[in-house]
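Below: one structure, written as structure tokens.
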Amino acid sequence: MTASNQAVRHWERVFSQRQEQGEADWLATLRSEAFERFTAQGFPRAKSPNWRHTNVAPLARVAFEVDKGAAQPVDPSTLPALPGAAARLVFVDGHLREDLSTLPAVDGLNVASLREALSSGDGDLQELLRTGSPRPNGSFVALNTALMEDGAVVRVDRGAKIDGPIHLVFATTALGAPAATNLRNLVVAGALAEVTVVEHYMGPAGAACFTNVVTDVACGPGSQVLHARLQEEGDEAWHVAEVRAHVGRDAHLVSLSMASGARLSRTGIHAVLDGEGAQADLLGLYLGRAAQHHDHTTLIEHRAPHGTSREVYKGVLDDRARGVFTGMIEVAPGAQKTNATQSNRNLLLSDGAHADSEPMLEIHADDVKCAHGAAIGRLDDDALFYMRARGIGVAEAQRLLARAFAADVVEGIHDEGLAALVQERLTTWLDAARFGRDA
Amino acid sequence: MLEIRNLHARVDGKPILEGIDLTVKPGEMHAIMGPNASGKSTLAKVITGRAEYEVTEGSVTFDGQDLLALEPEDRARAGIFMSFQYPVEIAGVTTGYFLRAALNAIRASRGQEELDAFDFLKVAKDKMKLVGMKPELLNRPVNVGFSGGEKKRNEIFQMAMLEPVLAILDETDSGLDIDALRTVANGVNAQRSPERSVIVITHYQRLLDYLEPDFTHVLMGGRIVYSGGPELVGKLEEHGYKWVEEHVAAGAR
């Protein structure tokens with residue numbers, strides 16, 4: 001039996017042992033269809049499209065347990081705070097913990113857990129959970145759909161402007177056996193709504209857990225949505241995520257993905273600009289040290305005219321860390337006057353660090369502006385010497401330059417509290433960076 | 001204060017300096033002139049510690065300590081400043097932040113308290129006047145989008161902030177129009193004191209018309225081949241470097 005088949009057998013056992021709990025027929029069907037897709041595909045292999053640089057074979061070999069259910073003790077002081085947040089939902093090992101969450105009533109805002117929404121027979125959910133393309137994380141999305149237990153459902157009414165971010169904290173505790181968590185989030189912004197949603201993943205060092213998450217974001221006409229994910233999992237964690245966003249007419253999505261945790265993380269961002277005049281800004285910052293591996297695979301689909309997309313992804317890699325960026329921009333026939341720019345730059349702080357950058361354009365319209373650029377480099381020797389010649393110590397000069405390198409990602413975040421948090425995390429990370437020096 | 005003895009240095013395996021001897025005492029201003037590729041800028045970079053320049057022989061001592069054993073930042077903290085021929089642009093770091101970090105690193109090494117943002121700004125605005133710089137430039141990234149003149153003013157402004165014991169001006173006059181040249185020269189002159197020494201490296205005499213050095217040296221082929229007083233500047237302007245070559249050749253005969 002191949003390793004991949006073994007992995008599928010394990011998940012078949014897990015799927016068959018799931019408690020049905022009297023689920024609606026459509027949901028049971030959705031799950032079993034998804035699971036069939038997963039068993040047919042198996043985990044991605046090195047030759048699978050979009051998986052050339054990221055090896056998940058070691059992940060597939062682990063027999064993760066799911067949904068242990070028991071409430072684990074969590075020290076509330078260890079949970080991250082986001083200044084100015086309108087609400088905070090805390091999920092521990094995949095389950096909403098109301099005792100740790102703060103959910104004030106806000107006009108036009110409706111926040112619930114997926115579990116709650118499913119059990120209350122929410123009619124829209126069926127449609128929302130069925131939509132979305134299976135690219136680029138294919139079989140992980142299928143596995144997620146088959147096994148999803150909980151997550152956050154955030155809805156914003158037409159015209160409602162929500163002041164302050166919705167902070168979704170997903171914490172993992174140090175469980176005994178390797179545990180998998182399948183989270184499913186939904187963000188639905190009505191026409192002209194404004195909202196910021198921050199997904200924040202964290203976990204303890206040394207825990208070999210697996211977080212598999214899918215988030216669907218629907219930006220109604222004229223809405224403004226900031227969707228951020230901060231991935232700060234423990235150093236032995238596996239993190240696979242898929243964000244699928246639809247951006248409607250004249251809507252504006254800002255997507256941020258920051259990755260600094262986990263042994264391996266793979267984040268797929270798929271933005272579909274399907275309304276005329278839609279705009280999407282994709283920001284990314286990945287920080288890698290030790291033997292960490294961060295993969296971002298993004299797909300921006302321009303399906304309507306007059307769309308604008310701007311993508312800026314930056315990686316800072318130390319020690320033997322590896323960063324992967326694959327960025328596809330597709331312009332459909334008829335998506336005239338599209339303006340798309342993409343940039344991926346990587347800063348290698350040590351000889352052992354490595355980056356792969358693959359920008360790709362596929363253009364089927366003739367009146368468009370598309371530009372992309374990729375770079376992999378080191379700290380500028382001239383700038384370093386200039387700083388040192390002014391008395392700034394070498395370590396501080398390196399930190400200053402690396403922080404400056406990431407500055408335009410931080411500056412692209414228009415929520416002040418979130419920008420400050422990202423800046424603080426970056427500074428802390430750089431303070432501990434070795435810049436290629438031995439530990 | 002600065003003692004250079006038999007200094008040999010090379011870059012990429014190619015010898016550039018082939019036995020420099022120079023003594024600079026407190027308060028003195030020395031001009032080092034010479035044709036292109038004579039080693040003038042190499043000397044400045046060796047003194048400030050640029051890693052690519054390898055010293056193969058000789059010594060440089062500064063206030064009695066072995067300068068060549070120090071990291072570039074420690075040389076700066078000891079009081080050495082270089083005005084760069086090509087000031088470096090640093091995107092994402094504002095001039096104010098950069099300079100405050102530099103000033104506080106130097107102050108910390110001297111056991112002085114750090115300047116907070118408020119006090120720093122007060123001092124900085126005052127010193128910017130010296131070279132006719134607008135305070136807004138403090139909020140702009142270091143040298144990014146600065147004109148050639150602004151970059152050189154920024155160098156002299158930094159010198160005023162860091163108050164070095166020894167300042168080395170590396171081709172500070174290059175790329176400056178006559179007004180900017182005068183402003184920059186006035187900025188340097190205002191900083192002269194009996195304790196502060198200056199080495200002016202230049203190809204042309206025009207900056208020296210304003211600075212009036214105490215000593216003038218001619219660097220050719222990696223050596224100081226001729227030294228004199230301020231009057232040497234005029235002679236060089238009149239007769240060119242060829243005159244020195246002939247003069248040296250005649251002396252050697």
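Only the coordinates and a few stated rules stand behind these numbers; no lab work does. On a predicted model such as this, the values are computed, not experimentally measured, just so you know. Don't worry about glycine lacking a Cβ; one is built from the backbone with ideal geometry, like all the others, and counts go over all protein chains shown.
Where does the charge balance sit around A:ASP281 when Lys and Arg score +1, Asp and Glu -1, over other residues with C-beta under 11 Å from its C-beta?
Value of the local net charge: 0.
Given the options B:LEU219, B:LEU207, B:ASN186, identify the residue whose Cα lies farthest towards the positive end of the charge dipole of region B:179-242 (+1 on Cβ of Lys, Arg; -1 on Cβ of Asp, Glu).
Of the options given, the answer is B:LEU219.
What number, in percent, do you get for the relative contact order of chain A if the mean sequence gap of Cα pairs under 8 Å and at least 6 apart is divided by its residue count?
In percent, rounded to a whole number, it is 10.
Of A:CYS209, A:CYS219, how do they rank once you tally other Cβ atoms within 10 Å and put the fewest first?
Lowest to highest Cβ neighbour count: A:CYS209, A:CYS219.
Which aspartates and glutamates, on any chain, are close to B:LYS235 with Cα under 17 Å apart, when same-chain ones fewer than 8 places away are left out?
Within reach: B:ASP209, B:GLU212, B:ASP214, B:GLU245, B:GLU246.
Quote the FRET efficiency, to the nearest 0.05, computed for B:ALA249 versus A:ALA420 with a Förster distance R0 of 56 Å and r equal to the Cβ-Cβ distance.
So the FRET efficiency works out to roughly 0.25.
Going by how many other beta carbons lie within 10 Å of each one, how would you line up A:LYS161, B:LYS40, fewest first?
A:LYS161, B:LYS40
Classify chain A from the C-alpha gyration tensor, please: rounded if a/c falls under 1.5, else prolate or oblate depending on whether a/b exceeds b/c.
Judged from the Cα gyration tensor, chain A comes out rounded (a/c under 1.5).
What helices in chain B pass both tests, a Cα length along the helix axis of 18 Å or more and a mean Kyte hydropathy of -0.5 or higher, using whole DSSP H runs?
The qualifying helices are B:95-109, B:117-130.
Nothing charged except the Cβ atoms of Lys and Arg (+1) and of Asp and Glu (-1): what's the magnitude of the dipole of region A:136-290 about its Cα centre? Round to the nearest 20 debye.
With only Lys, Arg, Asp and Glu charged at Cβ, the dipole is about 120 debye.
With r defined as the distance between the Cβ atoms of A:ARG52 and B:TYR86 and R0 fixed at 45 Å, what FRET efficiency is calculated, to the nearest 0.05?
Result of the calculation: an efficiency of 0.60.
Rounded to the nearest 20 debye, what is the charge dipole size of the protein assembly as shown about its Cα centre when +1 sits on each Lys and Arg Cβ and -1 on each Asp and Glu Cβ?
800
Select from A:GLY315, A:GLY275, A:GLY159 the residue farthest towards the positive end of the dipole of chain A; place +1 on Cβ of Lys and Arg, -1 on Cβ of Asp and Glu, and compute about the Cα centre.
The Cα lying farthest towards the positive end belongs to A:GLY315.
Summing Lys, Arg as +1 and Asp, Glu as -1, what charge do residues with Cβ under 11 Å from the Cβ of B:LYS40 carry, B:LYS40 excluded?
-1
Would you mind telling me which residue in A:ASP380, A:ASP408, A:ASP157 has the biggest mean-square fluctuation in a Gaussian network model of chain A, where springs connect alpha carbons within a distance under 10 angstrom?
Per the Cα network of chain A with a 10 Å cutoff, A:ASP380 tops the list.
Could you give the size of the charge dipole of region B:99-174 about its Cα centre, using +1 on the Cβ of each K and R and -1 on the Cβ of each D and E, expressed in debye and rounded to the nearest 20?
Charge dipole, region B:99-174, about its Cα centre: 200 debye, nearest 20.
Taking 26 Å as the cut-off for C-alpha to C-alpha distance, list the pairs among B:LYS45/B:LYS152; B:LYS25/B:LYS125; B:LYS25/B:LYS129; A:LYS314/B:LYS134; B:LYS14/B:LYS152; B:LYS14/B:LYS40 that go past it.
Exceeds cut-off: B:LYS25/B:LYS125; B:LYS25/B:LYS129; A:LYS314/B:LYS134; B:LYS14/B:LYS152.
Return the FRET efficiency for the residue pair A:SER77, A:LEU361: r is the Cβ-Cβ distance, R0 is 51 Å, and the value is rounded to the nearest 0.05.
With R0 = 51 Å, the Cβ-Cβ based efficiency is 0.60.
For A:ARG249, enumerate residues with amide H under 5 Å from its amide H, sequence gap 5+ or separate chain, H modeled in the peptide plane.
Long-range HN contacts for A:ARG249: A:GLY222, A:GLY275, A:GLU276.
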